[in-house]
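One structure below.
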Amino acid sequence: MIRDQQPEDDAAVRQIVDDAFRGRPYSDGREPAILDALRAAGFRLVALTPDPGATPIDRVAAAARADGGRVALLFGAEGPGLSHETLAAADERAGIPMHGGVDSLNVGVAAGIAFWELGMGELPHHRG
C-alpha cells in the first residue's frame, strides 16, 4: 500500500486492508513518482518475485552490505504480485530460493525473510 498520509478514519483503514486481502491492492496512481523519488534519494529498487531467474535475496543483501547501498524492497499483493510496470521499473529482481515443490510464499513471510536477510549485517553474530 502506498500512502503519504494516515487514513482519516477506521473505515478507510478497514477498506484498504479488505482490498489487500481480496487481491485488490491500494493504489493512487503515484507509484512511478514514488519509485523515482526513492531512486533519486539513493535507493536501489529491488522487486521481490517468485521468478526462478531472480537473484537470490541473500546475494542482493550481501551486495547491499558490501557497498553500503540503500535498498527499497518492493512487494506485490498475494496472487497478482507486482505489476509489470513496477517490475520493469525495479533496478533488480530478487527471489527467495525454495525447495520441495514450493513455488511461492505468503507476502508477510516473504517480507520477513527479505528484511531478515537485509538486516543480517547489523547483527553481531551474522553469518560471514
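Quick note: the coordinates plus some simple rules give every number you see, no bench work behind them. Note that the structure is predicted; figures quoted are calculated from it, not measured. Positions of Cβ are generated from backbone atoms using ideal geometry, with glycine treated the same way; all protein chains shown enter the neighbour counts.
Please rank Phe43, Phe115, fewest neighbouring Cβ atoms within 10 Å first, as an exposure proxy.
Placing the least packed residue first, the sequence is Phe115, Phe43.
Please give the peptides 60-66, 103-109, 49-55 ranked by average Cβ packing (other Cβ atoms within 10 Å per residue), highest first, as a rough proxy for protection.
60-66, 49-55, 103-109
Quick check: net charge around Thr55, other residues with Cβ under 15 Å of its Cβ, Lys/Arg +1 and Asp/Glu -1?
After counting each charged neighbour, the total is -2.
Tally Lys/Arg at +1 and Asp/Glu at -1 over every other residue whose Cβ is under 12 Å from the Cβ of Ser104; what's the total? Let's see the in-between values first.
On the way: positive: none; negative: Asp51, Glu78, Asp103.
Residues near Ser104 contribute -3 overall.
Residue separation times 0.36 nm, minus the C-alpha to C-alpha distance between His99 and Trp116: what's the value?
On the way: separation 17, 0.36 × 17 = 6.12 nm, distance 1.91 nm.
Taking His99 through Trp116 to full extension adds about 4.2 nm, to one decimal.
What shape does segment 30-122 have by the C-alpha gyration tensor, where a ≥ b ≥ c are the square roots of the eigenvalues, rounded means a/c under 1.5, and otherwise prolate means a/b greater than b/c and oblate the rest?
oblate
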